[in-house]
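See below for the structure under consideration.
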Amino acid sequence: MHVTLRQLEAFITVSRHLSFTRAAEELNLTQPAVSMQIKQLESQLGQALFEHMGKKIYLTEAGHEVRQYARSILQLVDNMKAGLDSLTGLERGTLSISVATTAHYFAPKLLSIFYERYPGVNVKLDVTNRESLVSQLENNTVDMVIMGRPPEDIDIESGAFMENPLVLIAPSDHPFTRERSIQLKRLENEVFLVREEGSGTRKAMELFFAQHGIAMTTGMEVSSDEAIKRSVQAGLGLGIMSRDAVQNELQLGLLSTPDVLHFPIMRHWYVMHRKGKRLSPVAQAFKTFLLEEAASILKKEPKMPAHGPSLPPAQHPAPNSITTPGHDEPVKYAPVKPKYVLTGPDGNPIPPAPRK
Ligand code: PGA
């Protein structure tokens, strides 16, 4: 059986008006075209749907039966269209986002503001370490990822949206806290608590020590920033982690950041996805929101995107920054942009305004 939506539409319209002429007017078709649709439908169903009595037409018994189903089918199609329209209009839709373990300290605040703007959006947030984020990017299983540095071996589009300084943390009564401009070499006498293999923070830390020719002594391997903070407080060693992760402890005086030369290690937070990925309107809106507003919401220095197709060339090396060819290039500061409407009259997201 080959029944088309067009035939059902013609049938429903004729059955409502009980007139081929008026149905044709409503459907913007000729009367023979409407008659043809009905004939084809009757032939597919093997039953007459209308009977003619004089100049009038009536639904047959089969016609009444088919009318019920035709209505339901067309209603379902309408619902489907509406569902898709609302997705396009940012009223509904799912945002699937994965963030580095360390980014969970600020991601919820950003998501709560995004939620306020688009309350119908359903967010799936996965918090995991760098290694597993890279495999999610590779397999294209999430809309986008937030982490500390774009991977080098996958084709991705990325943009830096704010600073991510990694600070040295020590117990608040550590002797270093009474000194200024401590030489990096002296860290060779300290024990460092490190995150698990696969952590972006750990990779950055190892790279930093290697670049400066410092032999790092590692103590416990701990797979959680929270546990590292507690362990440092307990005197088990020093740590290096994103300032985003230790803000509270520093404010409360539970931990200190000794004044060691070359610190902080300057990095950035990036939003990224597979190159050429077709982002849903919700995902595009979230990406724009991060690039344009995250830094000002979190009261941080905004950053120019530092990697990807539309990114500006690097200017001058930032002090103490870790640079990898093609990635983490030092970036220019840019003024915070005011909030702006994210969708145009056609419902499509407006791309970020060009920065000065
Ligand atoms: P991590 O990642 O939580 O895996 O250490 C942070 C980062 O990507 O810099």
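The values are calculated or read from the model by the stated rules, or taken from the named source; none is laboratory data. Model, not experiment: these values are computed from the prediction. Here the Cβ positions follow ideal geometry from the backbone for every residue, glycine too, while neighbour counts run over all protein chains shown. Note: accessible area is taken over every heavy atom of the protein model, side chains too, but ligands, DNA and RNA are not part of it. Shrake-Rupley method; radii C 1.70, N 1.55, O 1.52, S 1.80 Å.
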Report summary line: Considering residues that are of a type in the set (S, T, N, Q), open to solvent by 20 Å² or more (accessible area, probe 1.4 Å) and outside any strand (DSSP E or B), the number found within the stretch 60-103 is 7
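Every residue, every condition in (1) farther than 23 Å from Glu131 by Cα; (2) open to solvent by 10 Å² or more (accessible area, probe 1.4 Å); (3) in contact (Cβ under 8 Å) with a residue 24 or more places away in the chain, yes or no:
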{"residue": "Asn164", "(1), (2), (3)": "no, no, yes"}
{"residue": "Arg180", "(1), (2), (3)": "yes, yes, yes"}
{"residue": "Arg186", "(1), (2), (3)": "yes, yes, yes"}
{"residue": "Ala210", "(1), (2), (3)": "no, yes, no"}
{"residue": "Ile214", "(1), (2), (3)": "yes, yes, yes"}
Query raised in the report: Hey, any hits in the stretch 35-45 for a residue that's of a type in the set (Gly, Ala, Ser), modelled with pLDDT under 90 and more than 16 Å from the ligand (Cβ to nearest atom)?
Result: no
Report task. Quick one: count up the residues across the stretch 143-162 that are free of Cβ contacts under 8 Å to residues at least 24 places away in the same chain and open to solvent by less than 10 Å² (accessible area, probe 1.4 Å). Result -> 1
Requested in this report: Report yes if some residue within the stretch 15-26 is under 48 Å from the mean Cα position of the chain (by Cα), over 17 Å from Ala70 (Cβ atoms) and aliphatic (A, V, I, L, M); otherwise report no.
Outcome: yes
Report summary line: In the stretch 221-244, anything within 20 Å of Thr177 (Cβ to Cβ), charged (D, E, K, R), open to solvent by 50 Å² or more (accessible area, probe 1.4 Å) and touching a residue at least 12 places away in the same chain (Cβ under 8 Å) is listed as Arg243
**Report entry** Close pairs from the stretch 190-206: first without any contact (Cβ under 8 Å) to a residue 24 or more places away in the chain, partner within 8 Å of the ligand (Cβ to nearest atom), Cβ under 9 Å, at least 6 apart
**Finding:** Arg202/Asn129; Arg202/Arg130; Arg202/Arg195
Report task. Working carefully through the options Thr218, Thr201, find the one that is surrounded by fewer than 20 Cβ atoms within 10 Å (Cβ to Cβ) and of a type in the set (Ser, Thr, Tyr). Result -> Thr218
Query raised in the report: List pairs: first in the stretch 267-286 and more than 19 Å from Asp155 (Cβ to Cβ), second aromatic (Phe, Trp, Tyr) and assigned to a loop (DSSP other than H, G, I, E, B), Cβ under 8 Å, 6+ apart or cross-chain?
Result: Val282/Tyr118; Ala285/Tyr118
Report task. Among the residues of the stretch 184-213, write down those that are out of contact with any Leu (no Cβ under 6 Å at 6 or more places or on another chain) and away from the ligand (no atom under 16 Å from the Cβ). Result -> Lys185, Arg186, Leu187, Glu188, Asn189, Val191, Ala210, Gln211, Gly213
Report task. Scan the stretch 166-176 and give yes if some residue there is open to solvent by 10 Å² or more (accessible area, probe 1.4 Å), under 25 Å from the mean Cα position of the chain (by Cα) and closer than 21 Å to Pro108 by Cα, otherwise no. Result -> no
